[in-house]
1. Determine which lysines satisfy two conditions relative to Lys737: a Cα distance under 16 Å, and not lying fewer than 8 residues away in the same chain.
2. Among Gln417, Ile727, Thr161, which residue has its Cα furthest toward the positive end of the charge dipole of the chain, with +1 on Lys/Arg Cβ and -1 on Asp/Glu Cβ?
3. Straight-line reach only, C-alpha to C-alpha below 24 angstrom: list the lysines that Lys298 could link to, leaving out same-chain residues fewer than 8 apart.
4. Please list, short to long, the whole-number percent of alpha-carbon pairs of the chain in consecutive 20 angstrom bins beginning at zero.
5. What does the charge count around Glu297 come to, taking other residues whose C-beta lies under 10 Å from its C-beta (Lys +1, Arg +1, Asp -1, Glu -1)?
6. Where does the chain land at 222 nm, in deg cm²/dmol rounded to the nearest 500, when only DSSP H runs of n ≥ 4 count, each adding -39500 (n - 2.57), divided by all residues?
7. Let me cross-check Asp396: its accessible surface, 1.4 Å probe, with only protein heavy atoms counted, in Å² to the nearest 10?
8. Working out 0.36 nm times the residue gap between Tyr504 and Arg452, then minus their Cα-Cα distance, what length gain in nm do you get to one decimal?
Amino acid sequence: MLPPESEAEIKPVEPDQGNACAGRFFQNSKMLEFTVRCRPFYFASNTSNLHGHSLSLKIFEMKRIVFFICFAFSLNTWSQEKTDTLDLPPVEVRAVTASRTAPFAKTNLDKKEIGKQNLGQDLPFLLNQTPSVVVNSDAGNGVGYTGIRIRGTDATRINVTLNGIPYNDAESQGSFFVDLPDFASSVNRIQIQRGVGTSTNGAGAFGATINFSTNEVNNKAYAEFNNSYGSFNTWKNTIKVGSGLLGNHFTIDARASRISSDGYIDRASSDLKSAYVSTAYLSDKNDFRLNVFSGKEKTYQAWYGVSQPDLKTNRTINYAGMQKPGEPYENETDNYKQDHYQLFYTHRFKPGLSFNVAAFLTNGNGYYEEYRAAQDYAGYGVDYPVVSGDTVLETDLTRQLWLKNHFYGSIFSIQHQSSKTNLTFGGAITKYDGSHFGEVIWSEHPWNGANRWYDLDAYKKDFNIYGKWQQDLSDQLQMFADVQYRLVNYDLLGFRDNPTLFIYNTYNFFNPKFGFSYHQNDWLMYASYSRANKEPNRNDFEAGLDQQPTPEALNDWEAGIERRNNSSFLSANFYYMKYKDQLVLTGKINDVGAYTRTNIPNSYRLGMELQGSAVFNKWLKAGANLTLSRNKIIDFTEYIDDYDNGVQILNQYHKTDISFSPEVTGAATITILPVKNLAVDLLSKYVSKQYLDNTGNDSRALGSYFTEDVRVTYSFNRNWLKNVDLIFQVNNAFNKKYEPNGYSFSYYANSQLTTENYYFPMAGTNFFGGVNIRL
């Protein structure tokens, strides 16, 4: 008998992009130009499609690789745990998840594994030990704004669903988990599909898909109190209650959470609150479920990174708010509230035939506030005031950049399953209504104009329909076919720096997938081909009518082999991802002077993902994963600003490395059980060198790093206490100074080339301690 899928997989298991808008800040009396997101806010340099270096490895890197291969590493569960959840299908649209025999690379995490890591860090950090993953944090400690890359692809290319419902921001296509504080406390299952994966709803998967499921059914009433405290005054407080199954039909679950932290970076504080309520009615033929959950975040901005000179002497410096004379501006913050409403209905016509439908609404409302020095009145459409007979051209001011949006729609699937055939027909129709506006709330000098200096609307419609066919050709051989049609429509009524540019674009995408799997005894082999197409992001269109981007296309070939039994698991997955017209940053500026992503004809990712785990005896188990890859742009043109002559200089490169794409990533976990109820986890992570841009220049790179975390868990129960977990975790135990994220820009001035690198440093040795009580 094969173990559960989650047992044998490696455990525990960008900046993300938003709408670009030009901006400036002062540092050492020098004005630096950059491009940042309006909501949520990030440097466009970080949106460059994730990019890395060659397979020539240094000796010390090889030693790290040998370390990961030589130690087998962690099974998901040490022993079978009693559960109060019923073995009933959750009331959700589940057609987006992949079965064990589907011919794709995938990793599953269960509730227990998620829970023992959930001490207050954001969702990406809970996935850090899974294959091909690199995570980062603005604040440096995993709380607040965080980012994730899988196989080098950033969050705008990772499709995320919550119970099958799209979560990616419709315009920027990123996923901002800071808007879902402590969502992990309500999640009972996570599936990560690497590569294109199966057809799903929402943004096109261009590197991975992450499916979160919360809709479990709890059989018995319960109450949970989860509290943790950690370095940098980090607190997490969670209360969960559930009615259990009442009268065999009705159930309700609720959660309230609060997370706060001062952050590792100066002033990088977070104040996060969330609530979750889910109620369901279950019967033989029909199930209903309503989910209502909400998140509210206030984070002090830490979006600028740390300059290379400051990194050596003051790695926690935060430039946000420093345009204000004297002390930094106290409210240089990002503020956002997001509310989710999900309604599910399932009808079972007969055994093997069911219908699921869901309606949803996601409301977002928020702004970021900033102090801006020496602002030209003309940039805000305001007449120059005259003070004491003198015309005033500039003023210091405080402004808020707002985003209010509604994202709503419906998804459905019809599933037929027999002994040899599994057919699924599904789809979704969604609409996004967004309002972008900016308000000046204070000015040092007179303000003779409207406080709201821009007010722009944006709309996006997305329709997709797909069919999946899984057929047993024999007892061992299975065929998989998946075809999706997707229709995307943009109506963008102006941009902040280009208000007269209107975009009306429609895209038609056809995404086929096909594969085979062969399984016999403990072995599984598979191979597949998938195609994906992806529309540009909102900020790509601001380039102007003569620089409009084209959609991206990806052809993904995957092949793998794995062996699993009750005590061990081994797998190897090979992938070749061939891109056409991938959008990357080249340094080219658009019509409004902002850096814009540009289509490049040919690029690819070629890699191998290895995983292994084993139970050696009653007190030792271990597991590891290792990814080796090449990530290349065939022909690349770099644009560098020439401030002396007011032009851009072009440099040509052949077969350069894609930025933010390490050639080697690895994770390992050793679990030791020295005495009953006590577990010690040793968690290792290695990431090789990454490049900050697409030139492969070693002077614009992030160094490789190896970190070690240690987690100790002691569990017991006493009478009315069903379970108590005491958890203590030390992160970065060897105090490694490392930076998993950054950005770079170059320019010519006074006939000299200057390159400026900025980094997002992570905290040194830090800790979390938690107490989880279940009644």
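The values are calculated or read from the model by the stated rules, or taken from the named source; none is laboratory data. Being a predicted model, the structure only gives us computed values, none of them experimental. Methodologically, a virtual Cβ is constructed for each residue, glycine included, from the backbone with ideal geometry; neighbour enumeration extends over all protein chains shown. To get the accessible areas, we keep the full protein, side chains included, count just its heavy atoms, and leave off ligands, DNA and RNA. Shrake-Rupley method; radii C 1.70, N 1.55, O 1.52, S 1.80 Å.
1. Lys312, Lys685, Lys689
2. Gln417
3. Reachable lysines: Lys236, Lys240, Lys273, Lys324, Lys337, Lys404.
4. It works out to 16, 53, 28, 3, 0, in whole percents.
5. Numbers: positive: Lys273, Lys296, Lys298, Lys337; negative: Asp179, Asp271, Asp334.
Spelling it out: positives minus negatives among the neighbours equals +1.
6. Values: 4 runs with 29 residues, N = 775.
That comes out to -1000 deg cm²/dmol.
7. In the full protein context, Asp396 sits at about 20 Å².
8. Working: separation 52, 0.36 × 52 = 18.72 nm, distance 2.52 nm.
Answer, rounded to one decimal: 16.2 nm.
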